[in-house]
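Notes follow the structure.
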There are 2 protein chains.
Amino acid sequence: MDSKEQILKRSVEAKEIYLPHISADPVVFGFDQNELKVLLAKMHYRKQWMLPGGYVRKDEDLDEAVIRILKSRTGVTNVFLEEFGIFGKKNRSEYYFEDFDDTLFQKQRFISVGYYALYNSSEIYPVADEISETCEWIYLKQLPEIELAMDHREIIEKALLTLREKISYKPIGYNLLPEKFTFPELQKLYEAILGKNLNRGNFYKKIKNSGVLRKLDEQRRGGAHKSPDLYSFDQVNYTKALEDGLNSW
Amino acid sequence: MDSKEQILKRSVEAKEIYLPHISADPVVFGFDQNELKVLLAKMHYRKQWMLPGGYVRKDEDLDEAVIRILKSRTGVTNVFLEEFGIFGKKNRSEYYFEDFDDTLFQKQRFISVGYYALYNSSEIYPVADEISETCEWIYLKQLPEIELAMDHREIIEKALLTLREKISYKPIGYNLLPEKFTFPELQKLYEAILGKNLNRGNFYKKIKNSGVLRKLDEQRRGGAHKSPDLYSFDQVNYTKALEDGLNSW
């Protein structure tokens, strides 16, 4: 529940604490069951889904703000967030609180900074805050069926495009896959991010040439098929590729 | 000249027109004499160099703002600007107007959005606005010798890092080189951006494999050396590589 009085009370508090006109929206992607999902909160007010965003305190740096916001809205900590875009259309947010007059803090024009992270969702247990009915993982394939507030669908799409671009020049997967994994498992991760199937041979060749993988002297036993080879990431090469890029000049 | 009265007058006007706490800083790189340079303004007040930034009008989108700001501060138009980072440390800007009291619009905390562009500098003739002594191209190699305001050195460095990363997965050069150019000329552009020399053979192979160049059936005449082959960009492949990336999966 979120009464009109509670929203007005938060407006008074917010004017004391936060900078006007600036907000931050974290887009946290998880990988699970060979699918990507995103962390969203369903608000009491209007019952729409939103990114778990918030405002910037007058006394904190912007990059401190987004970490505090994510924690306070979802309970999630230890996520490395990276800025990917800024959403500054003049009419993007004011409509949301149209039942209130223009003095409401939440109703002013907000320019929002988007941050994204890709995380092992099995380590994250989101918790709703007081302004949300629920906070949970929503699979990307479910997004067309739910109602998203303001331009949050556009923000999620931009985050996904950034991630897709990123994996063309940076390695990915450490932190998302188990310590030992098979080549098909790695390919599934790439396919989930890219939203398309990849040719197995080309993928194998590209990943192999990148040098970030180490083939282990063991196979995975127990399946119905021929036991597949196991791999792990080569720490040194993986870190170097993260710093220099996969296709550095 | 910029008197205390003029700065106070602009503060009164700014409070009417602009959103508080948000600014935009364009980092326009030019390429000339095989060197990179950046467009900077030297301010009357404090005599420091700054990026030609400004504030966001209450009635305009953020991406409209940065184009208007660049034009009004430098006279430069027709530049495609891309957002690359946001600078939000809590104490990054207030010191600058420390001679004034805290009601001055210009003195408040600003979170600044950085936009960059790479442009053919021979087509740009910068013009100073009323708050600047001069607006001009400064070669990157001159930057250590000049005094830059606030965190503007850090903003330029982040823009350059973004550009370096970008050329590992997107083609570059159209718009910066003449219609017909030699391979060494293209290599010089990459070297200027990367700030290091490249192995000629490796560079040739990578560019050739990317498919963005078309070898012309002519050579450049008149030099002391063997007439070098001329190339131009293949429009179709270049555009496709811009959209898909050079190393798409």
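For the range B:181-244, the relative contact order is 33 percent, taking Cα pairs closer than 8 Å that sit 6 or more residues apart in sequence and dividing their mean separation by the residue count.
In terms of packing, defined here as the mean over residues of other Cβ atoms within 10 angstrom, the peptides B:5-11, B:213-219, A:85-91, A:190-196 line up highest first as A:85-91, A:190-196, B:5-11, B:213-219.
Scaled to the globular estimate 2.2 N^0.38 Å, the Cα spread of the protein assembly as shown, given as radius of gyration, is 1.09. Against the main long axis of the alpha-carbon atoms of chain B, helix B:62-74 sits at an angle near 90°. Shown for the range A:181-244: the carbon plus sulfur share of the solvent-accessible area, taken with all protein chains present and a 1.4 angstrom probe, equals 47%. Contact-buried residues of the range A:157-185, at a threshold of 30 Å² lost accessible area versus the chain by itself: A:GLU165, A:SER168, A:TYR169 (1.4 Å probe; DNA, RNA and ligands ignored). Find, among the GluC sites (Glu not before Pro) in the range A:98-170, those assigned to loop by DSSP (not H, G, I, E, B) with at most 15 other beta-carbon atoms within 10 angstrom. Loop-located and lightly packed - A:GLU98, A:GLU130, A:GLU147. In nanometers and ordered shortest first, the copy-to-copy spacing of the B:GLU147 label point, defined 7 Å from Cα toward Cβ, is 5.8. Annotated for the range B:181-244: lysine pairs at least 8 residues apart or interchain, Cα distance under 22 Å, count 18.
Take the Cβ atoms of B:ASN78 and A:GLU157, set R0 to 25 Å, and the FRET efficiency comes out at 0.35. Along Cα→Cβ, 7 Å out, is where each label goes; now give me the distance between the ones at B:VAL236 and B:ASN120 in nm to one decimal. Label-label distance for B:VAL236 and B:ASN120, simple model: 2.4 nm. Sorted from nearest, the other copies put their B:LYS208 label points 2.4 nm away, the label point being 7 Å from Cα in the direction of Cβ. Of all lysines in the structure, those lying under 24 Å Cα to Cα from A:LYS9, and not within fewer than 8 positions of it along the same chain, are A:LYS42, A:LYS47, A:LYS58, A:LYS71, A:LYS107.
Based on Cα contacts under 8 Å between residues 6+ apart, the range A:56-189 shows a relative contact order of 24 percent. Applied to the range B:80-85, the Karplus parametrisation 6.51 cos²θ - 1.76 cosθ + 1.60 on θ = phi - 60° returns per-residue 3J(HN,Hα) values of 8, 9, 10, 5, 10, x Hz, with x for Gly and Pro.
Using the average count of surrounding beta-carbon atoms within 10 Å as a protection proxy, the listed peptides A:55-64, B:234-243 rank, highest first, as A:55-64, B:234-243. For the pair the range B:152-169 and the range B:214-241, the centres of their Cα atoms are 28 angstrom apart. Over chain B, DSSP H runs of length four or greater, each weighted -39,500 (n - 2.57), average out per residue to a 222 nm ellipticity of -9500 deg cm²/dmol. The Rg/Rh ratio for the range B:34-90, using Cα coordinates for both the radius of gyration and the Kirkwood hydrodynamic radius, is 0.98. Separation of the range A:96-110 from the range B:43-87 is 28 Å, based on Cα centroids.
Here the range B:143-187 is scanned for amide nitrogen atoms under 17 Å from the site 7 Å beyond the Cα of B:LYS226 along Cα-to-Cβ, giving B:182-185. The amide H of B:LEU246, built 1.01 Å from its N in the peptide plane, has B:LYS170 as neighbours under 5 Å, considering only residues 5 or more places off or on other chains. Across the range B:29-48, the residues whose backbone nitrogen lies under 16 Å from the label position 7 Å along the beta-carbon direction of B:ASP129 are B:39-45. In the range A:2-21, the residues whose accessible area drops by at least 50 square angstrom when the other protein chains are added to the isolated chain are A:LEU19, A:HIS21; the probe is 1.4 Å and only protein heavy atoms count. Burial here means at least 10 square angstrom less accessible surface with every protein chain in place than with the chain by itself, probed at 1.4 Å; in the range A:68-95 the buried residues are A:GLU83, A:ILE86, A:GLY88, A:LYS89, A:LYS90.
With R₀ set to 45 Å, the beta-carbon distance separating B:ASP63 from A:ASP217 gives a calculated FRET efficiency near 0.25. Computed over chain B with a Gaussian network model linking Cα atoms closer than 10 Å, the most mobile of B:ILE156, B:ILE131, B:ILE146 is B:ILE146.
Starting from the Cα gyration tensor of the range B:1-81, take the square roots of the eigenvalues, sort them a ≥ b ≥ c, and report rounded, prolate or oblate (rounded when a/c is under 1.5, otherwise prolate if a/b is larger than b/c, else oblate). Oblate. Ligands, DNA and RNA are left out, and with a 1.4 angstrom probe the accessible area of the range A:3-153 is 45 Å² per residue.
Look at the alpha carbon pairs under 8 Å that are at least 6 residues apart: their mean separation over the length of chain B gives a relative contact order of 21 percent. Among beta bridges identified by DSSP and lying wholly in the protein assembly as shown, the antiparallel ones come to about 70 percent. Take the accessible area of A alone and of B alone, subtract that of the pair with a 1.4 Å probe, and the total buried over both chains is about 3200 Å².
Oblate is the label for the range B:181-244, because the ratio a/c of its alpha-carbon gyration tensor axes (a ≥ b ≥ c) is 1.5 or higher and a/b is not greater than b/c. Histogrammed with a bin width of 10 Å, the alpha carbon distances of chain B distribute as 7, 28, 31, 19, 11, 5, 1 percent, first bin at zero.
The values are calculated or read from the model by the stated rules, or taken from the named source; none is laboratory data. All of these numbers come straight from a predicted model, not from anything done at the bench. Reconstructed Cβ throughout: ideal geometry from the backbone, glycine too, with neighbour counts over all protein chains shown. Only protein heavy atoms, including side chains, enter the accessible area calculation; ligands, DNA and RNA are left aside. Shrake-Rupley method; radii C 1.70, N 1.55, O 1.52, S 1.80 Å.
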